[in-house]
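Here the structure comes first, spelled out in structure tokens, and everything after it is commentary.
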Amino acid sequence: MAFFDNFSKKVQDVAFVATEKAQQVAAVAGEKANAVADKAKTEYEMASERRSMDKNYRAIGEWYVSTLEGDAPEAVADIVAAIKASQEKLAAYEAAKAEAAAAKKAQEPIIEVTIEKDAEEEAPAAEEPKEPSEAEETKED
């Protein structure tokens, strides 16, 4: 019986050690998961700020190009020329789109619907005059 007593004690010790190791692994995994989540949150916030900056830079650029009168400075002349060419292309695409819509509308058939009434329905049936009821006669008096 001593063998079984020692065996059960050894099994308990192994189970205890396994439980401790599992807790340690879970703690490390939890810490790593939190670290990854924090990193992802930080990267998301950084990307959000970059998008905000890009939006603001775009607004500044659009304002600058809209205020240019005549030739642009040499440093940005190529960029401004490319922007103006793109604007012209967009205007041409919009015009083509409008023309296509107008052509499609012109090709649609016009459907006219006429409703004819039968001759019997047109003439209302003559009603015979009703005799006044007793209640109506008393009101007239």
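Restricting attention to region 5-14, does a residue exist that is surrounded by fewer than 10 Cβ atoms within 10 Å (Cβ to Cβ) and either under 30 Å from Ala75 (Cβ atoms) or more than 25 Å from the chain's Cα centre (by Cα) (or both)?
yes
If you go through region 55-65 one residue at a time, how many are small (Gly, Ala, Ser) and either surrounded by fewer than 10 Cβ atoms within 10 Å (Cβ to Cβ) or closer than 15 Å to Ala81 by Cβ (or both)?
1
Can you name the number of the only condition in (1) in contact (Cβ under 8 Å) with a residue 12 or more places away in the chain; (2) surrounded by fewer than 10 Cβ atoms within 10 Å (Cβ to Cβ) that Leu68 fails?
(2)
Rule-based calculations on the coordinates, nothing more; no lab input. The structure displayed is predicted, hence computed values, not measured ones. Here Cβ is always computed from backbone atoms with ideal geometry, including for glycine, and neighbour counts include all displayed protein chains.
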